[in-house]
1. Hey, among Glu37, Glu21, which residue is within 18 Å of Asp95 (Cα to Cα) and either assigned to a helix (DSSP H, G or I) or open to solvent by 20 Å² or more (accessible area, probe 1.4 Å) (or both)?
2. Among Arg48, Arg118, Arg113, Arg44, which is over 25 Å from Gln139 (Cβ atoms) and of a type in the set (Lys, Arg)?
3. Yes or no: Val52 assigned to a strand (DSSP E or B), open to solvent by 10 Å² or more (accessible area, probe 1.4 Å) and modelled with pLDDT of 95 or more?
4. Which of the residues belonging to the stretch 40-49 are open to solvent by 50 Å² or more (accessible area, probe 1.4 Å) and touching a Lys or Arg at 6+ places or on another chain (Cβ under 7 Å)?
5. Taking the stretch 24-34 as the search range and keeping residues that are in contact (Cβ under 8 Å) with a residue 60 or more places away in the chain and surrounded by fewer than 16 Cβ atoms within 10 Å (Cβ to Cβ), which one is nearest to His83 (Cα to Cα)?
6. Report yes if Thr101 is within 17 Å of Val60 (Cβ to Cβ) and among the β-branched types (Val, Ile, Thr), otherwise no.
7. So how many residues does the stretch 96-127 have that are aromatic (Phe, Trp, Tyr) and either under 23 Å from Glu54 (Cβ atoms) or in a loop (DSSP other than H, G, I, E, B) (or both)?
8. Mind checking which residues of the stretch 67-95 are more than 22 Å from Glu22 (Cβ to Cβ) and either in a helix (DSSP H, G or I) or of a type in the set (Ser, Thr, Tyr) (or both)?
Amino acid sequence: MTVTLREMRWWDLDRVMALEEELFPEDAWSRGMFWSELAHARGRDATRHYVVAESGSRLVGYAGLAVFDRTGDVQTIAAARDHWGTGLGARLLTDLLTAATAFECREVLLEVRVDNARAQRLYERFGFEPIGIRRGYYQPGNVDALVMRLSDPASTSPPAPASSTATAATAENPASTEAGASTANPASTANPVQGTETHG
């Protein structure tokens, strides 16, 4: 079935929360966190962009971007397990980079677990480059984060599909509205390399 992307709205939150809690049972975002993000996603002064992916009536993914002073920060990318490897992660990331271009971002940042090589390969295909490490960024597992940056998202073209690296289930928690905040929660420790957290 065809997967379509559209803007996330408040009435999507029941399904978003169900997928969030399924993918990240130990550190799922609260409904309030999503509400807070969506509150900044509309109007002339919007600083957020959130999107959902639907297959028929089923929500199979979502993603979000925050913008601070013309710097984009990938807040979350999550794909249902049965859509891993289908290219959905790449589609969601492409949507976020298109939004970053519309926001006139000069760069886009993200954090990814150092043990998640699959997600790192996805980001590298889009031109993200490692710029540093944040020690113990993901708690309680005390896992380091690799900080990655994409310069000039407006000049980035989506990469050709690659079946082995086309998608990554990712999630993170925006504990602060300040750029560069360094608090995030880990993906499920039962499957540590399939989830990534990024945090703005």
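1. Glu37
2. After applying the criteria, what remains is Arg44.
3. Considered against the rule, which asks whether it is assigned to a strand (DSSP E or B), open to solvent by 10 Å² or more (accessible area, probe 1.4 Å) and modelled with pLDDT of 95 or more, Val52 comes out as no.
4. Residue satisfying the conditions is His40 alone.
5. Selected residue: Pro25.
6. no
7. Looking only at that region, the number is 2.
8. Thr71, Thr94
The values are calculated or read from the model by the stated rules, or taken from the named source; none is laboratory data. Model, not experiment: these values are computed from the prediction. Note that each Cβ is placed from the backbone with ideal geometry, even for glycine, and that neighbours are counted across all protein chains shown. When the accessible area is computed, the model is the full protein with side chains, heavy atoms only, and any ligands, DNA or RNA have been set aside. Shrake-Rupley method; radii C 1.70, N 1.55, O 1.52, S 1.80 Å.
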